[in-house]
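A quick write-up on the structure given underneath.
The values are calculated or read from the model by the stated rules, or taken from the named source; none is laboratory data. The shown structure was predicted, so the numbers you read here are calculated from the model rather than taken from an experiment. Neighbour counts run over all protein chains shown; Cβ positions are idealised from the backbone, glycine included. Ligands, DNA and RNA are stripped out before the accessible areas are found, and what is left, the full protein with its side chains, is counted by its heavy atoms. Shrake-Rupley method; radii C 1.70, N 1.55, O 1.52, S 1.80 Å.
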Amino acid sequence: MSVALPIPGFPGRIFAVTLPAGPGGTPVTVGGQNALPLLPEGEHPNAPAVGMEVRTGPLELPPALAGTIGPFAGNPAAMARKCAGDWGARFLFLSLAGCHPDAGGQSVSFGAAVVREVLSATPAPVIVGGCGDEEVDALLFPAVAEAALRPVFLSYAEEKNYRLVAGAALAYGHGVVSWSPIDINMAKQMNLLLADLGFPPDRVLIDPLTGGLGYGMEYTFSIIERIRLAGLSGDAALARPVLCHLGDAWKAREATDASEGTWGDVDARGRRWEETTGLACLAAGADLLVCRHPSNVARLSGAAWR
Amino acid sequence: MALTAIDIYKLLPKTNCRECGQSTCLAFAMQIAAGKASIDLCPPASDEAREKLSAAAAPPLPKVTIGTGEREVVLGDETVLFRHEKTFYHPTAIAVSIRDDASDEEFASRLAAIRRLSFERVGQRISVDLVALRCASGNADRYARAAVAALAATGLPLVLLAPAGPLAAAVEAAAPSRPLLAPPPEDLAPAAKLAAERKLPLQVRARGIEGLTVALAAARAAGALSLVADPSPETPREAVSFATNLRRLAILSRNRDLAYPSAFDLGGGFPDPFLAAALLVAKYGSLLVLDSADPADLLPLLTLRQNLFTDPQRPIQVEPGVYPIGAPSESSPVLITTNFSLTYFTVRGDVEAAKVPAHLLIADVDGMSVLTAWAAGKFTGESISKMLAGCGIGEKVTHRTLILPGMVARLSGRIEELSGWRVLVGPQESSALPSYLRRLPPAAFLPVHG
Amino acid sequence: MADETGSIRFHPDGVDVPGIPGESLLAHALRGGIPLLSPCGGESRCGKCRVLVVGKTQGGEDPGALTRAEIAAGIRLACRCFPSSGDISVTILPGSRPARLTAYLDGKDLAGDEPFLPLSRAALGSVPLGVALDLGTSTLAGTLVDLSDGSVLSRATADNPQMACGEDLISRVVFAEETTGGFELLRGRLLSGVDGLVRRLLEASPVPGEVTDVVAAGNTVISHFLYGISPSPIRRPPYHPVRKEYPAVPGETLGTAPATARAMWRIFPSLGGFVGGDVVAGILASGMHRREEVSLLFDVGTNGEVVLGNRDWRITCSSSAGPAFEGGEVGCGMRAYPGAIESVRIEPETAAAEWTVIGRGRPAGLCGSGILDLCAELFRAGIVDRAGRFTSRGAGRRRSTERGEAFVVVPREKSATGCDVVFCESDLKSVLRTKAALCAAAEALLAAVGLPREAVARVYIAGGFGNFLDLRSALTIGLFPPISLARFAPLGNASLAGALGALRNRRRWKEALSLASGTLYHDLSSDHGFMELYQRGLFLPHTDEESYRSVLAAEIRA
Ligand code: SF4
Ligand code: FES
């Protein structure tokens, strides 16, 4: 007896976006699907990709990370090589957090030099993140755009600075990550603004702001689902691959507190906390995950089905 | 398709007679459309309306209960495919397994471990819901004794994973606790009979959706009515696909033959059970059986479940309290706003942009914006003064000057009067904060004496 | 004696008011009946109550609203400044004195012609007169009718004197609650405003007679004040008024002046805390309650109310839209008085602005329709982006101000005030919020009943502003949902038209009473979808720009 499954057909398709690689590297292409995630239906030409974060500036590492990525703190190029080489990260998110005045205030030219260094250390695709300080970023993004000798993505463009970020990206052939604070409408608005500037849709990723497990993950989950459903239903401004940072998972006390005896081993728990955050993002429809724990690259890739 | 309020209105008498307790027929139609009222409350409704509306109101996915009393576990009874469409009502139930062939000591310590899988998070208790008792001994007596012991030790309802013989013995010993009978596929017939006789829930296991069609029909034929469908996947990927399609068949196709809560046994060598469990919590698993009793596994899974099964219509709120922005000192400005998350994000961003380190007080107003909260009487001179006194900001700064959102400048007098703090009226618009903060003379935040 | 608070002399009126310690200068001015602008109701939000003080005072030196130089010169905010001792002289600065309202238009009555069946015709020897009143938040308007034949004898308008105690209704409710004697003060102000209006109507009437009937339409808060009941519960959940119906009473019961003391006063019933009898009167005038097709009615005023429905059912709500279109909340905004820019065009190439001014003089500021036009033109010319931020275009026409970068609409040499008339990003954001709230209110009603926009056959725009606004501009910025322009019909002051209709035909009055019970009030504050619809509206023209483009391509910049 055969049962007719009510498999939804969607009129829309997510734009395929490629994060270019350097010579000898493997570019990452995500998007291109016309169906919901994880399911063997419709077309999924590209699997979601798992990458890792490389950052400048001080970061207090929880126990689960201290032993793994700890030794690379302060050496972005070595960290990048390790992530892409040994840990299997398909792309890198290079956060220039160290340029923030409150995080040591590295100079803009220093930030740009780090970008150059990382790009020559590995051919893996790179997304470069600003430091989050509006005024510093206003100088940093143009400098990075110019310093990057191969195409990267700049993260992130938001309503306040999109002209500047997208302008810098356009001038040097980079892509952008469009950011909005857990709000589907603001996500769409950002993409319409970018489109008004003539930014090519196949060079845009959506960062919906990822809440960590236990701390707002559910809002992100639903926003990703809605962005994806809207994109598949034909809303072109939302038909973009979605990028999730799992870093917020490490802000949770549950991921870092070694003192709670009944919570189990803090290393395992921390890893699981990030992994669970990532799995929820994948279930909702995320296309790119940025994780911190090396073992989660493989773990999460285990659910990155096509 | 669900009927809209206007569709329903057209079926009503349109007399606004108010017998239903609503002010107009349209109001009543909106209540029905939202699932908050039933047509029975409208005495003058026609038979046609009654018939059409009760058919539309029946839940697409039936409810199955396991256990009794406080620990009762409810599966199914969902109405939507995506939580943002309304909400998910019944969280994925999580069972941790135990084998009946363990030594008494091991058995007891495992039960104790299971009992400890219960955590306090954001004011809620999140716990493993059931104990899944695996029959590994093949011995009916032993299995029945184990069931009784597990019940006694944990108080949690049971999933009885056992062949017909031991299953019958355990039911004999533990039926009033309303366990879920989970026989292997080959023992479906006797177990279904048992479930029918004892009016107990039955987990029907068969390979895939096609297999379930046959097996569920057989269970129904044997008189078992409270059913849970286990499509027995071999990989996590298959599990997600089966779970999704079972839920779609119930909600989109209204296929009564397959509309049952789903169950998955992720133990006994199932590949990557943790990954499968996390995905099934997100995607339509109604009951999961896990072999792991490691809190490092269960705490994240239970937290994910807690997150995804909250009502998405609750406004996004920020935890109230004192938030440092930059590295504020004892003479840094103190600002206040409400705990609606967008308000918080905006104000925070603008204060950061000012590059003036500051203390940001987030008041608890149930996630309303400043003006809404003020209009609703939640953001008042009284509540703000209370917060100033109770949140510990007095120890963090030596001055007593508060910057109040310009939109509620009217509160300043009352705050000054009640709290003894001086109030500076900030700008109307958060976006003007950077220039406002930079212009403030440092003298505004000198320590108070006496 | 030096420590005693002396008397306060207000200039240029030259009125002395005895000083009371602990009472603001604004409160003194109110007591003395001295006109002083205080749109925020004395909450030091608007910064418009500026006075020049000579003598000993405390406070009012708000660093946000006044510059150092101003403070040094003795300029204070009257609402935050208190007398300390001795005699004080207070000069009200020119910009802080209210102007007179002169422009006014009658409302249209689309409900159709009917036999003349006046509410009553108690001719006691003289001609029976009827008064139709529209009691608005900021404006009172009235029409005097000869009840023996239905002819209009005179018309008049006046500012609502309650404005001094807060421009928006909530501020007034708070004022009534928190100020001793606040309720009586507000009620007294309303009655004196109404009495004054009736007096002017009678003075202007060519026919003498006796007022036998008054029909008044006002929002719920004003109706409560008029009827002498506390509007307090309206501001707190569940936002229910004390009463929705106001049984007819003679004027003497309400305490009106002798001219209407013996007349029967009929106040239009309210639909909810924030949707009042003015909206019922608007529905009456639109005739939407008699047709099978579904209509939307917008009442655009200090608050925005929306009604959706037809003959059988109606649902209504109030949007929390601020008074951006009445000139409040916008830096160079003003009411529609002479000197206000009422329409604007911007030349896209040069970004130069052209304008027309009410009364043809030099422009002093922008009124609602001018603001609307300006926003639409700035967007069309590409000077602002969809999020309401300035782009690189038209940079030459901008300058930086205290409130951030601003577009110069009128350079100072051409303005009436000697200052630039400017429009800055925060002004635009304020307009965005207002229009988003109004549009979202309509969409929330559609969503509540489950109807698509396409089901709306007619869109009525009520409110004085509705008559002047350029619908193309309104739709360019998404003030209303994307519905074909041909379906829109402006009604002008529909509330007054509805009151007039009821005065002339008692069947209409009956309809009004039944509308009250047959129209559902929808509370947006408990509508979970509203915030999201609102967020969608915070964009130009709207986040759903596809719909605006497909429905209105010809009318708006596509
Ligand atoms: S009881 Fe029925 S007819 Fe009467 S108001 Fe309610 S829905 Fe309408
Ligand atoms: S600032 Fe508005 S009345 Fe004083």
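Overview of values
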| read-out | value |
| --- | --- |
| Qualifying positions in the range C:54-69 - within 14 Å of ligand 2 (Cβ to nearest atom) and open to solvent by 50 Å² or more (accessible area, probe 1.4 Å) | C:Glu61, C:Pro63 |
| Criterion: part of a helix (DSSP H, G or I) and of a type in the set (Val, Ile, Thr) - qualifying residue of A:Val176, A:Val118 | A:Val118 |
| Criterion: in contact with a strand residue (DSSP E or B) (Cβ under 7 Å, 6 or more places away or on another chain), part of a strand (DSSP E or B) and free of Cβ contacts under 8 Å to residues at least 40 places away in the same chain - qualifying residue of B:Leu133, B:Leu194, B:Leu167 | B:Leu133 |
| Single residue of the range A:169-186 satisfying the filter (under 18 Å from A:Val144 (Cβ atoms) and open to solvent by 10 Å² or more (accessible area, probe 1.4 Å)) that is farthest from the other protein chains (Cβ to nearest Cβ) | A:Gly173 |
| Any helices (runs of 4 or more DSSP H) falling wholly within the range B:1-76 and containing at least 1 residues that are within 13 Å of chain C (Cβ to nearest Cβ) and open to solvent by 60 Å² or more (accessible area, probe 1.4 Å) | B:5-11 |
| Scan of the range C:394-412 for residues that are more than 14 Å from chain B (Cβ to nearest Cβ), outside any strand (DSSP E or B) and surrounded by fewer than 17 Cβ atoms within 10 Å (Cβ to Cβ), ordered by number | C:Ala395, C:Gly396, C:Pro411, C:Arg412 |
| Any hit, the range C:203-212, residues being under 21 Å from the mean Cα position of the chain (by Cα) and buried (at least 17 other Cβ atoms within 10 Å of the Cβ) | no |
| Residues being within 14 Å of chain B (Cβ to nearest Cβ), more than 20 Å from A:Phe93 (Cβ to Cβ) and modelled with pLDDT of 95 or more - total across the range A:187-222 | 3 |
| Residue that is outside the structural domain of B:Thr244 (by TED's automatic domain parsing) and more than 8 Å from ligand 1 (Cβ to nearest atom), where the choices are B:Arg50, B:Arg83, B:Arg18 | B:Arg50 |
| Of all residues making up the range B:379-414, the number that are within 21 Å of B:Phe345 (Cβ to Cβ), within 13 Å of chain C (Cβ to nearest Cβ) and in contact with a strand residue (DSSP E or B) (Cβ under 8 Å, 6 or more places away or on another chain) | 5 |
| Qualifying residues in the range B:416-443 (those that are under 11 Å from B:Arg400 (Cβ atoms) and either within 11 Å of another protein chain (Cβ to nearest Cβ) or not in a loop (DSSP other than H, G, I, E, B) (or both)) - the one most open to solvent (accessible area, probe 1.4 Å) | B:Arg422 |
| Contacts under 6 angstrom Cβ, first residue in the range B:8-23 being in contact (Cβ under 8 Å) with a residue 60 or more places away in the chain, partner within 16 Å of ligand 2 (Cβ to nearest atom), 6 or more apart | none |
| Odd one out for C:Val198, checked against (1) within 17 Å of C:Ala257 (Cα to Cα); (2) open to solvent by 10 Å² or more (accessible area, probe 1.4 Å) | (2) |
| Among (1) modelled with pLDDT under 95; (2) farther than 30 Å from B:Pro312 by Cα - the single one B:Ser109 does not satisfy | (1) |
| Within the range A:1-52, considering residues that are in a strand (DSSP E or B) and among the aliphatic types (A, V, I, L, M), the one nearest to the other protein chains (Cβ to nearest Cβ) | A:Val50 |
| From B:Ala215, B:Ala293, residue being part of a loop (DSSP other than H, G, I, E, B) and over 28 Å from A:Ala35 (Cβ atoms) | B:Ala293 |
| Filter pass, B:Arg305 being open to solvent by 20 Å² or more (accessible area, probe 1.4 Å) and within 8 Å of chain A (Cβ to nearest Cβ) | no |
| Count - residues of the range B:248-291 that are without any contact (Cβ under 8 Å) to a residue 60 or more places away in the chain, out of contact with any Phe, Trp or Tyr (no Cβ under 9 Å at 6 or more places or on another chain) and within 8 Å of another protein chain (Cβ to nearest Cβ) | 10 |
| Selection from the range C:254-265 of residues that are in contact with a helix residue (DSSP H, G or I) (Cβ under 7 Å, 6 or more places away or on another chain) and on the phi < 0 side of the Ramachandran plot | C:Leu254, C:Thr256, C:Ala257, C:Ala259, C:Thr260, C:Ala261, C:Arg262, C:Ala263, C:Trp265 |
| Any hit, the range A:91-110, residues being in contact with a strand residue (DSSP E or B) (Cβ under 8 Å, 6 or more places away or on another chain) and among the charged types (D, E, K, R) | no |
| Residue selected from the range A:240-251 under the condition surrounded by 23 or more Cβ atoms within 10 Å (Cβ to Cβ) and over 10 Å from A:Arg292 (Cβ atoms), by the criterion farthest from the chain's Cα centre (by Cα) | A:Arg240 |
| Some residue of the range A:56-66 being outside any loop (DSSP other than H, G, I, E, B), touching a His at 6+ places or on another chain (Cβ under 9 Å) and not acidic (Asp, Glu) | yes |
| Hits in the range A:266-284 (condition: open to solvent by less than 10 Å² (accessible area, probe 1.4 Å), within 8 Å of chain B (Cβ to nearest Cβ) and either without any contact (Cβ under 8 Å) to a residue 40 or more places away in the chain or small (Gly, Ala, Ser) (or both)) | A:Glu275, A:Leu279, A:Ala280, A:Ala283, A:Ala284 |
| Residue in the range A:73-127 that is farthest from the other protein chains (Cβ to nearest Cβ), counting only those that are open to solvent by 50 Å² or more (accessible area, probe 1.4 Å) and of a type in the set (S, T, N, Q) | A:Ser120 |
| Of the criteria (1) away from chain B (no Cβ under 14 Å); (2) in contact (Cβ under 8 Å) with a residue 40 or more places away in the chain, which one C:Arg487 fails | (2) |
| Members of the range A:93-115 found to be among the aliphatic types (A, V, I, L, M) and assigned to a loop (DSSP other than H, G, I, E, B), listed by number | A:Leu96 |
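Here's the yes/no breakdown for (1) crowded, with 22+ Cβ neighbours inside 10 Å; (2) small (Gly, Ala, Ser):
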| residue | (1), (2) |
| --- | --- |
| A:Arg13 | no, no |
| A:Ala21 | no, yes |
| A:Gln33 | yes, no |
| A:Leu38 | yes, no |
| A:His44 | no, no |
| A:Ala64 | yes, yes |
| A:Gly70 | no, yes |
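Conditions (1) open to solvent by 30 Å² or more (accessible area, probe 1.4 Å); (2) modelled with pLDDT under 85; (3) not hydroxyl-bearing (Ser, Thr, Tyr), marked per residue:
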| position | (1), (2), (3) |
| --- | --- |
| C:Leu469 | no, yes, yes |
| C:Leu475 | no, no, yes |
| C:Pro481 | no, no, yes |
| C:Gly498 | no, no, yes |
| C:Ser514 | yes, no, no |
| C:Thr519 | no, no, no |
| C:Ser526 | yes, yes, no |
| C:Glu532 | yes, no, yes |
